Amino acid sequence: MKLLLADSGSSKTEWRFIDDAREQHKIFTTGLNPWHISGEDFRKLIEEKIFPFCSGNNELKLFFYGAGCGNELKRNSWLIILERAFPHARVQVSTDLLGAARALCGKEKGFAAILGTGSNAGEYDGENICRSMPSPGFILGDEGGGVHIGKKILGKYLRHELSPVLQKKIEEECGKSEAEILDQVYHHPYPARFIASFSKIATTNSHYEECRNIIEESFINFLENFKKFSRGSKMKLSFTGSVAWHNRELLLPLLEKFSIAPGRIVASPMDGLVDFHLEK
């Protein structure tokens, strides 16, 4: 039995094809959130980037874990496209949060969170997500994620509230004028990805107190929401996502401050997903 796994966020998707000999083939594509791209673009990407690896495989199990797939209509639209592309495969489409939980917790109960471009968290019963923390998206929420941190530092940059050295660093690393930044945010596709890119600037400059404070404030916003959601549970909270991983030294002390038991922190859930499905 061959496996094709996908972990799709809003910015990028990691695929892993595992053949009969358990050889693993890695494929990386853009993010495939059904709220952000069309079904036709999704179909074309599958045909061009993924199908060549798996064509002719009649015994294939395909598990697609994606941001934006919590909505039933969106999830079903992706399921139909994948079933048509791989008519002989057994296909499942689930949320990226379920993928994160299976990767982080395996068969154990716990809380799983994603801090990547966006953010999300849920309670895991060892097989499925039994409760999800409300997630109103990058405009109204996504506290602790890259887009939330990016909005904070970008807002300060555009208002000239940062120190001269950070103003200069952002100007150099961004390579866009203030007018071009605003045009990118309000008139171009994928504004969340663009805004989230500024969180990398905050992370690489976290030795400056200004950047460190921005990241910590965003994490605190996330943990305040999580404490209400967890209802005082003592189960561990594990994280995946680039923002959590690269800022783990700031995140771990805040977990202690909020009396939250820390679990694992990993950059990507894919290796854990491979282990989960091969064992299963």
> What accessible area per residue, rounded to a whole number of Å², is obtained for the stretch 180-271 using a probe radius of 1.4 Å?
Replying inline: 53 Å²
>> Taking θ = phi - 60°, what integer Hz values does the Karplus form 6.51 cos²θ - 1.76 cosθ + 1.60 yield along the stretch 77-94, in sequence order, with x for Gly and Pro?
In response: 5, 5, 4, 4, 5, 5, 5, 6, 6, 10, x, 9, 8, 9, 10, 10, 10, 9
> Based on DSSP H runs of at least 4 residues, each adding -39500 (n - 2.57), what is the mean residue ellipticity at 222 nm of the chain after dividing by all its residues, to the nearest 500 deg cm²/dmol?
Replying inline: -14000 deg cm²/dmol
> Roughly what would the spin-label model give for Leu182 and Lys107, points 7 Å off Cα along C-beta, in nm?
Replying inline: 5.8 nm
> Can you pull out the trypsin sites (Lys or Arg not before Pro) in the stretch 1-30 that DSSP calls coil and that have at most 16 other Cβ atoms within 10 Å?
Replying inline: Arg22
> Looking at the chain, what % of its DSSP beta bridges pair antiparallel, to the nearest 5?
Replying inline: 50 percent
>> So, R0 is 41 Å and r is the distance between the beta-carbons of Val165 and Asp41; what FRET efficiency does that work out to, to 0.05?
In response: 0.50
>> Pick from Pro52, Pro253, Pro34 the residue whose mean-square fluctuation is largest in a GNM of the chain, springs joining Cα atoms under 10 Å.
In response: Pro52
>> Along the Cα→Cβ direction, 7 angstrom out, place labels at Asn128 and Glu48. What is the inter-label distance in nm?
In response: 3.6 nm
> Tell me, what % of the accessible area of the stretch 142-280 is carbon and sulfur with a 1.4 angstrom probe?
Replying inline: 50 percent
> If we count every other residue with Cβ under 12 angstrom of Leu223's Cβ, Lys/Arg +1 and Asp/Glu -1, where does the sum land?
Replying inline: -2
> Rounded if a/c is under 1.5, else prolate if a/b beats b/c, else oblate: with a ≥ b ≥ c from the C-alpha gyration tensor eigenvalues square-rooted, which is the chain?
Replying inline: oblate
>> I want to check the label-to-label distance for Glu72 and Leu278. Put each point 7 Å from Cα in the C-beta direction and report it in nm to one decimal.
In response: 3.7 nm
> Which value, in Å² and to the nearest 10, is the accessible area of Glu127 when all protein chains are kept and the probe is 1.4 Å?
Replying inline: 70 Å²
> What is the chain's relative contact order, in percent, from Cα pairs under 8 angstrom and six or more apart in sequence?
Replying inline: 17 percent
> Taking K and R as +1 and D and E as -1, what net charge do the other residues with C-beta under 14 Å from the C-beta of Pro189 add up to?
Replying inline: -1
> Computed FRET efficiency, Cβ-Cβ of Glu210 and His88, R0 41 Å: what is it to the nearest 0.05?
Replying inline: 0.15
>> Could you identify which residue out of His188, His36, His246 has the top mean-square fluctuation in a GNM of the chain using Cα springs shorter than 10 Å?
In response: His188
>> Can you tell me which of Ala121, Ala89, Ala112 moves the most in a GNM of the chain? Springs connect C-alpha atoms under 10 Å apart.
In response: Ala89
> Can you list the lysines whose alpha carbon sits under 23 Å from that of Lys26, skipping same-chain ones fewer than 8 residues off?
Replying inline: Lys2, Lys12, Lys44, Lys49, Lys61, Lys280
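The values are calculated or read from the model by the stated rules, or taken from the named source; none is laboratory data. Just so you know, these numbers come straight off a predicted model, no measurement behind them. Because the Cβ atoms are built from the backbone with ideal geometry, glycine has one as well, and the counts that use them run over all protein chains shown. For the accessible areas, the whole protein counts, side chains as well, though only heavy atoms, and no ligand, DNA or RNA atoms are used. Shrake-Rupley method; radii C 1.70, N 1.55, O 1.52, S 1.80 Å.
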